[in-house]
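Heads up, the thing below is written out as structure tokens.
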Amino acid sequence: MAARPPFTDSDTADEAVRATCDDATTCKRFASSKGYWRDPYIQYFVRTKPPLSKPLIETHSTDSLLLGDDTTTTTTHVATVVFDQNKDGFTVYLLLFPPCVTTIIRTVADGHSLDSDRYCIIGADLRDVVTLDEKLKRFQLNPEIPTLLLSECVLVYMGPGQASSLLHWAAETFHTAMFINYEQKERFLQSGWEHAEALDMMSVYGLLPRDDLARIESLEFLDEKELLQQLLQHYCICWANKDKLTLGLSQLSF
């Protein structure tokens, strides 16, 4: 029997990144229980008790949700979601660490594989774009049709070279696509994307519907609005595109 490889600092770092998935899921479950949004499925992915109320964090999480965060997967902090448009609608490819895939499959499918014509969950290390590309081809992802790549805090957990390599791969693979992420637009433009824009989250917060903001802000008392402003100004959301089919993707904005 081959000896098991020694546990390295890289393994420890990867485990810490995967732990952010559990942290985010726990916070999202609590936010859902307080009424920030409705998610009837997230309870099945949380094994711990809800944390104490943190309205500052919940408001920030809701800001992300209203921009299109996919709460039914509950793990976007360490995943990239690919929406592949086809003639019958969309196919969703969820890419995340293999241990996270195992946990989700055990929860959703009782240990069986989890893939269909509309949803495919793939265990992959996004730092290894060669293997990533092979896996997506195996699951019949068609890069020629319009594709949306959606990730949250993903590239920030990778080294600069690894993140740039992933963005280069995506730009070369998908000809008509949009990539939405918390990231700097310059990195996209330097990685082969044709157009990129960015807004800090405080600006985005000000663009959300007034009714939604009033509902959110009435759920819990927040007397630290300056801290919320500092938090939202610390993050930015970026959207980049390539538009071979001339769909006018560069015109999409808030």
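Readers should treat all values here as calculations from the given coordinates under stated rules, not as data from a laboratory. Owing to the predicted nature of the structure, the values given are computational and were not obtained by experimental measurement. Here the Cβ positions follow ideal geometry from the backbone for every residue, glycine too, while neighbour counts run over all protein chains shown.
List the pairs from LYS28/LYS137; LYS28/LYS225; LYS28/LYS244 whose alpha-carbon separation is above 28 Å, in the order I gave them. LYS28/LYS137; LYS28/LYS244, as the Cα separations exceed 28 Å there.
What FRET efficiency would be calculated for the residue pair GLU172, LYS225, taking the C-beta separation as r and a Förster radius of 51 Å, to the nearest 0.05? Write out the running numbers ahead of the final one.
Working: r = 44 Å, r/R0 = 0.86.
It comes to 0.70.
If all Cα-Cα distances of region 154-238 are sorted into 10 Å bins from 0 onward, what percent lands in each bin, rounded to whole numbers? Distribution as computed: 15, 38, 25, 18, 5 percent.
Here the spin labels are modelled as points 7 Å beyond Cα on the Cα-Cβ line, and at THR20 and GLU194 they lie 3.1 nm apart.
With a simple spin-label model that places each label point 7 Å from the Cα along the Cα-to-Cβ direction, the separation between LEU208 and LEU245 comes to 3.1 nm. Segment ASP128..GLN43, full-extension length gain: 27.4 nm, with 0.36 nm per residue of separation and the alpha-carbon distance subtracted.
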